[in-house]
Every structure is written in C-alpha cells, then in structure tokens.
Amino acid sequence: MQKQVTKLIWRRHRRMFVLAGLLSILVGVADDLITLHTLSQTEGHYDLVKTSINQWRVYDGGNFPAYSFWLFIVAWVLGLLLMNQDLTDNFNQFLFSSGFSRQRVYWTKLWQGLLAMFVIVVLTLAVQYGIFWVSLPARIGFHLAWPGLITSWVCGLANSLGMFAICWFAALIVGQTGALVVTLIGFTLSLSGVAAIFERLYDKNGIGLGLHGGQLSWLTAGAWVVAALILFIWGAYLYQRLSLEHNGEYLLFPGLRVPVYIVFVLYVTLINGFNNADGYSTIISFLVSAAFGYFWLWRPSIMAKWHRWRSQREG
C-alpha cells in the first residue's frame with residue numbers, strides 16, 4: 001500500500017517538481033550571468049566574496065548570494081500547489097475512495113514535497129556556485145568559508161521550510177484558489193512587518209536581549225522550524241477530518257471560521273499598532289480588519305441575504 005501511494009503521488013506531481021527545478025536553475029543561471037556581466041566592466045582586483053563570509057551569520061555580500069532569495073519563492077509555490085492542486089482536481093477524492101489511509105497519503109505527499117524542495121535547493125546552489133567558480137576572471141577573487149556558508153544554508157533552508165509550511169497549511173484549509181493566493185500574498189508581505197517587530201524587540205538599543213546579527217539569524221531559523229513542525233502536525237490532524245462536502249468554500253473547516261477571524265484581526269492590529277506606535281492608527285486598523293475579516297469570512301451568507309432581499313424587492 002505504501003509503495004502504491006508513493007508511486008501515485010510521485011506520478012501526479014513529478015512534472016511540477018521537474019518544472020520547478022528547471023525554473024529555479026534557470027533563474028539562478030540568469031542571475032549569475034547578470035552578475036558576471038557587471039563584474040566584467042570593473043577594473044583591477046576585486047573580491048566577489050567579502051570577509052564577512054568567515055563569520056557565523058547569514059552572508060549578505062551583494063553580488064554573491066550564499067542562498068538565493070528565489071529559493072524561498074520556489075518553496076512557497078511548491079507548498080501551495082502540492083495541496084491545492086489535489087483539492088481542485090479531485091485527486092484527494094480519488095485517493096480517499098481508493099481506500100488509502102489519509103495519514104499515509106498526507107505524510108507521503110509531505111515528504112515528497114520536502115525532498116523535492118531540498119533537491120531543487122542543492123541543484124540550484126551547485127549550479128550557481130559552479131558557474132562562478134568556472135567563469136570568474138583570475139583578477140576576481142572567489143574565496144569561500146564554512147562559517148558563513150553553513151549559517152546561510154541552514155537559515156535559508158529553515159526559512160524555505162517555513163514558507164513551504166505556511167502555504168501547505170493554508171492550501172489545506174482554504175478551498176478557493178483565488179482567495180488562497182490573495183491571502184497568502186498578503187500574509188507573506190506582512191511578514192516584513194513581523195520581522196521589523198522582532199528586530200526592535202531584540203535590538204541592543206531596544207527593549208529586548210541585545211542579540212547580534214548571528215544570534216538573531218539562528219533564533220529566527222529555529223522559530224521557522226518550530227512553526228513548520230506545528231503546522232505539519234496540525235495539518236495531519238485536519239487532513240484526517242477533511243470533508244469533501246465543503247469543496248469550493250473559503251474555509252474547508254467551518255469550525256476554524258471564528259479562530260481564523262480572531263487571529264486575523266489581532267494579527268493585523270498588532271502589526272500596525274506596534275510599527276506605527278500610534279493609538280489612532282491601532283484603532284483604525286482594528287476597525288478596518290474587523291470589518292474586512294467579517295465580510296471575507298462570512299461573505300457567502302451576506303451575499304445570499306442581499307440576493308434574497310433584492311429578489312423580494314423586485315418581486
């Protein structure tokens with residue numbers, strides 16, 4: 001049974017895995033070629049990798065990305081498509097009706113997605129590093145060091161894991177593709193506000209612990225891993241109780257409507273209130289998020305009432 005589930009899911013998603021890998025490598029190659037073209041116009045000796053690569057912190061050296069930002073987007077897309085496609089194309093219904101254990105399906109799909117993400121990351125980085133190693137002129141130094149590389153890779157993988165987990169879980173509970181994409185884009189963009197809050201909390205001049213950049217990077221990576229594990233385990237619990245009767249609804253689990261609404265309102269209010277540090281802005285953000293969240297989560301009933309009222313008035 002396990003081999004059959006593995007083969008079915010692999011055949012279902014292998015084209016997506018291959019396409020995501022090819023696109024990731026293509027973007028990595030294009031980025032390297034642009035960097036090489038820019039470097040060819042410089043004169044004299046130039047070190048592509050700066051000395052900060054020797055520090056145990058995420059390397060940010062400008063022209064040389066130790067872990068490409070594009071890889072976060074790849075993880076984001078994989079997490080979204082793996083769960084959403086099986087819902088919209090009724091592949092879940094096929095698996096459930098075939099007698100396979102839901103838990104077996106869930107964890108098989110998850111480990112295949114994570115393995116594909118890891119392979120794509122390794123291949124993309126290998127190609128990018130290889131191009132620099134082979135193509136850089138002799139006058140341009142390319143000196144790497146394990147502290148910066150290991151920190152960048154581990155923290156990058158942790159962030160990618162978090163992006164994958166967020167989209168994976170959201171695609172499990174949201175049943176409308178358009179609304180799902182809008183929700184995930186909005187939430188992903190809002191993470192910059194969350195990052196600003198944590199930077200202020202842990203900055204040595206702020207109210208936090210005074211952590212330096214390396215410590216903050218490792219702390220953030222650990223937080224991403226913990227959050228991903230929580231979402232994966234919670235997702236397994238919900239997947240066991242997934243009802244196909246709610247396909248097409250915004251939330252596939254009606255019991256989550258109130259918790260999602262409360263979390264949304266508090267999340268938006270806290271981000272705006274903390275970053276703006278203005279009481280009026282906090283109140284306005286609370287009112288707007290409360291009204292928008294109510295309409296967003298309960299709009300089917302609102303629209304149904306509106307249609308009934310218009311029909312009665314026309315009649």
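Residues that are under 18 Å from ALA179 (Cβ atoms), of a type outside the set (Val, Ile, Thr) and out of contact with any helix residue (DSSP H, G or I) (no Cβ under 8 Å at 6 or more places or on another chain) within the stretch 236-292 comprise GLY248, PRO259, ALA291, PHE292, listed in sequence order. Look at (1) touching a residue at least 60 places away in the same chain (Cβ under 8 Å); (2) out of contact with any Gly (no Cβ under 9 Å at 6 or more places or on another chain) and you find that TRP146 fails only one, number (1).
Quick one: would you say GLU249 is closer than 28 Å to GLN93 by Cβ, assigned to a loop (DSSP other than H, G, I, E, B) and at pLDDT below 80? Here the answer is yes, as GLU249 does meet what is asked.
Scanning the stretch 79-123 for residues that are hydroxyl-bearing (Ser, Thr, Tyr) and modelled with pLDDT under 90 gives THR88, SER97, SER98, SER101.
Pairs only if they're at least six apart or on different chains, beta carbon under 6 angstrom, first in the stretch 229-253 and touching a residue at least 12 places away in the same chain (Cβ under 8 Å), second among the basic types (Lys, Arg) and surrounded by fewer than 15 Cβ atoms within 10 Å (Cβ to Cβ); list them, first residue then second. Between residues of the stretch 229-253 that are touching a residue at least 12 places away in the same chain (Cβ under 8 Å) and residues that are among the basic types (Lys, Arg) and surrounded by fewer than 15 Cβ atoms within 10 Å (Cβ to Cβ), the close pairs are LEU251/ARG257.
Here's the yes/no breakdown for (1) surrounded by 14 or more Cβ atoms within 10 Å (Cβ to Cβ); (2) under 22 Å from the mean Cα position of the chain (by Cα); (3) at pLDDT below 70:
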{"site": "GLY178", "(1), (2), (3)": "no, yes, no"}
{"site": "LEU184", "(1), (2), (3)": "yes, yes, no"}
{"site": "PHE187", "(1), (2), (3)": "yes, yes, no"}
{"site": "LEU209", "(1), (2), (3)": "no, no, yes"}
{"site": "LEU216", "(1), (2), (3)": "yes, yes, no"}
{"site": "ALA228", "(1), (2), (3)": "yes, yes, no"}
{"site": "GLY235", "(1), (2), (3)": "yes, yes, no"}
{"site": "GLU245", "(1), (2), (3)": "no, no, no"}
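Checking LEU191, LEU201, LEU172, LEU144 one by one, the residue that is modelled with pLDDT under 90, under 16 Å from the mean Cα position of the chain (by Cα) and either surrounded by 14 or more Cβ atoms within 10 Å (Cβ to Cβ) or assigned to a helix (DSSP H, G or I) (or both) is LEU191 and no other. Among residues that are farther than 19 Å from LEU216 by Cα, in contact (Cβ under 8 Å) with a residue 60 or more places away in the chain and out of contact with any Leu (no Cβ under 9 Å at 6 or more places or on another chain), SER190 is included. Tell me, yes or no, whether the stretch 44-51 has at least one residue that is of a type in the set (Gly, Ala, Ser), outside any loop (DSSP other than H, G, I, E, B) and in contact (Cβ under 8 Å) with a residue 24 or more places away in the chain. Within the stretch 44-51 (the criterion being of a type in the set (Gly, Ala, Ser), outside any loop (DSSP other than H, G, I, E, B) and in contact (Cβ under 8 Å) with a residue 24 or more places away in the chain), the answer is no, since none of the residues qualifies.
Going through (1) out of contact with any helix residue (DSSP H, G or I) (no Cβ under 6 Å at 6 or more places or on another chain); (2) in contact (Cβ under 8 Å) with a residue 12 or more places away in the chain; (3) not charged (D, E, K, R) one by one, HIS37 falls short only on (2). Return yes when GLY21 is surrounded by fewer than 18 Cβ atoms within 10 Å (Cβ to Cβ) and under 26 Å from the mean Cα position of the chain (by Cα) and no when it is not. So GLY21 fails the test. Which of the residues that make up the stretch 62-121 are aromatic (Phe, Trp, Tyr) and either part of a loop (DSSP other than H, G, I, E, B) or at positive phi (or both)? Correct list: PHE64, TYR67, PHE69, PHE100. Would you confirm, using the coordinates I've provided, whether GLN93 is surrounded by 13 or more Cβ atoms within 10 Å (Cβ to Cβ) and under 22 Å from ALA165 (Cβ atoms)? No, not satisfied.
The values are calculated or read from the model by the stated rules, or taken from the named source; none is laboratory data. Here the structure is a predicted model, which means the values were calculated and not measured. All Cβ positions, even for glycine, are placed from backbone atoms using ideal geometry, and neighbour counts span all protein chains on display.
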